[in-house]
Every structure is written in C-alpha cells, then in structure tokens.
Amino acid sequence: MVDNPGAGAPGTAGDTDRSVGGLVSDVTGNLSRLVRLELELAKAEAKIEAAKVGKGIAGFAVFAVLAHIFVILLSVTIAFVLYEVAGLPGWASFAIVTGVYLLIALVFALYGLISFRRMRGLERTQLTTSRLGAILRREITPPGSEVAAAEPAGATAVPRN
C-alpha cells in the first residue's frame, strides 16, 4: 500500500508510472482498511455505550427495590397510625391499608383494559400491505405508474378488470 502518495523524487517511478491494476489494488486495500477501522471504532463506541446503559439499568433496579421496600414500610406505618390515632383494631387498620391498595390496583387495571380496547392495530400498515399484495397480483395498478399518470389528479390505485 502507498502510505504517502506523490512523495517520491521527481523523475523516479512514482504514482504516475504505476499501472491501473496497482492503483486499483491500493484503493481497494485502503477502502478495506478504512471499513475495518470504522467497524473497530463502532465496536469500541458500542461497548462504552453498553456499559453506560448497564449502569443506568442497575441504578433503576436499585431504585425499584428500595422504592418497593419504602412502600411496604409506609403501608405498615399507616396501618399503625390508624391503630393508634383512630383507635381501630389492628386487623381493621391493616385491612383498610390493604383495601386502599386493592382499589388503586383496580383503577390501574381498568385503565389498562380501556387502553387495550382503544387499540386499533396497525391500520395503515395493514392497508399498505394489502395494496402491495394486490399490486403484485396485478389486481390494481400502483399510483405513479403510466396508467395512473393518465388519470385525474387525486386518483389512487384502481382495480383492474
């Protein structure tokens, strides 16, 4: 490979006297080296980013565990406050806290159910996929084709008979 093209002394066999095959060989060698170096750079960057993502996930996992413990301890604290302040029996205080969590869970379940019922699927993807299938089966002509170009503006794919 030529590392410094055009660096030879004047009048000596240099880049200008080389064959086309030699030049093509140098170009392909340089391109393959460039591609290899780009791939190595991408791998190195991906490793660094993956490490950052892993650290972020670990941080969220620790947060989730500690938040869960906090909610449990807060629930026990609220039950004991109800026991002491309201004068309720212990079982009733814990039953109230449990009932509140059940109510919250039911609200989120209802929200999830409503969200699922509002889903319509991939309507546009289904439409374009079915049109593509019809075009491939030659049942309709694609927009922008010669036949469709002769049609009035705003016309889309039309069925063939």
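The values are calculated or read from the model by the stated rules, or taken from the named source; none is laboratory data. These numbers were taken from a predicted model, which means no experiment stands behind them. Ideal geometry is used to build each Cβ from the backbone, glycine not excepted, and the neighbour counts take in all protein chains shown. SASA here: full protein model, heavy atoms, side chains in, ligands and nucleic acids out. Shrake-Rupley method; radii C 1.70, N 1.55, O 1.52, S 1.80 Å.
Candidates in the stretch 84-123 are the residues that are among the aromatic types (F, W, Y) and open to solvent by less than 100 Å² (accessible area, probe 1.4 Å); of these, the one that is farthest from the chain's Cα centre (by Cα) is F94.
The residue pairs whose first member lies in the stretch 87-102 and is farther than 13 Å from T77 by Cβ, whose second member is of a type outside the set (A, V, I, L, M, F, W, C), and whose beta carbons are closer than 7 Å, counting only pairs six or more residues apart or on different chains, are G90/Y83.
For first residues located in the stretch 53-80 and closer than 30 Å to W91 by Cβ, partners that are open to solvent by less than 60 Å² (accessible area, probe 1.4 Å) and among the polar types (S, T, N, Q) and lie 6+ apart or on another chain with Cβ distances below 6 Å form the pairs A79/S93.
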